[in-house]
1. Let me check against my output: what whole-number percent is the relative contact order of the chain, with C-alpha pairs under 8 Å and at least 6 apart?
2. Just how large is the dipole of the stretch 108-162 about the Cα centre, in debye to the nearest 20, putting +1 at every Lys and Arg Cβ and -1 at every Asp and Glu Cβ?
3. What 222 nm value per residue comes from the helices of the chain, counting each DSSP H run with n ≥ 4 as -39,500 (n - 2.57) and dividing by all residues, nearest 500 deg cm²/dmol?
4. When the scattering of the chain is computed by the Debye formula from its Cα atoms alone, each counted once and equally, what is log10 I(q)/I(0) at q = 0.13 Å⁻¹?
5. Can you give the charge dipole size of the stretch 61-120 about its Cα centre, rounded to the nearest 20 debye, using +1 on the beta carbon of Lys and Arg and -1 on the beta carbon of Asp and Glu?
6. So how far apart, in nm, are the two label points at residue 204 and residue 66 if each is 7 Å from Cα heading toward Cβ?
7. Multiplying the sequence separation of residue 86 and residue 216 by 0.36 nm and subtracting their Cα-Cα distance, what value in nm do you get?
8. Residue 186 to residue 44: extension gain in nm, 0.36 nm per residue of separation minus the Cα-Cα distance?
Amino acid sequence: MKVQVSRNGPYIVTGSVPLMVMEIAHDDESNCRSWQKVREYPLQEQYSLCRCGHSKNKPFCDGTHAKIHFNGTETAGDEPYLQNPTVIGGPELELADYEELCVHARFCLRAGGIWNLTEQSHIPDARNTAIDEACNCPSGRLVLRDRRTGEAVEPVFERSIVVVENPARGEHGPLWIRGGIPVESADGRPYTVRNRVTLCRCGRSRNKPFCDGRHIEG
């Protein structure tokens, strides 16, 4: 399984990667709380996903990128933002915050926010809520580590791609790449393989191919 970024074109997905649409579900207090699958596409060995944001057959590419002369130049480079995250230490949990990866899914704001919850992680409710919020962060901006074992607290995913939608806010989010699927640049350079990353599908990110949250502006 692999996602190949094409030069000024779509993402080429190979290896029969499951593709689905999921919506962000809110609780009675309007907090982002969980994910709801609303559609699953038939399994294909290979398919192309829109990267310019203008396809009339989203999430699939229909060739519009060529007509609008889409500039898909990749700017993520050597991913320096992965080297020095902001680290918040709590009694039982440690939070690594890779802020530049934020896609504004807003799972992290409930109950005072994951940053405060990490600092109160000796309290079972705070610890459990912090873990829930971090594991729902699609981009992997927020990564918790158990201070006793030293191991990252990560959700277990089937390798798959999710088209993120947030109908309550009228937002069409990124492509959520789950389970450690490799992403390769147009020039053949592999990006860091992570359990969860988000790829831009609106065409406006300044950190291509990754999402930087600019879809909320449109």
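Bear in mind these aren't lab numbers, they're just calculated from the coordinates by the rules spelled out. Since this is a predicted model, take the numbers as computed values, not measurements. As a convention, Cβ positions derive from the backbone with ideal geometry for all residues, glycine included, and neighbour counts pool all protein chains shown.
1. 22 percent.
2. About 120 debye.
3. -2500 deg cm²/dmol
4. The computed values of log10 I(q)/I(0) come out as -0.73.
5. Result for the stretch 61-120 is approximately 360 debye, rounded to the nearest 20.
6. Taking the two extended label points, one gets 2.7 nm.
7. Extra length from residue 86 to residue 216 when fully extended: 44.4 nm.
8. Numbers: separation 142, 0.36 × 142 = 51.12 nm, distance 2.18 nm.
My answer for the length gained is 48.9 nm.
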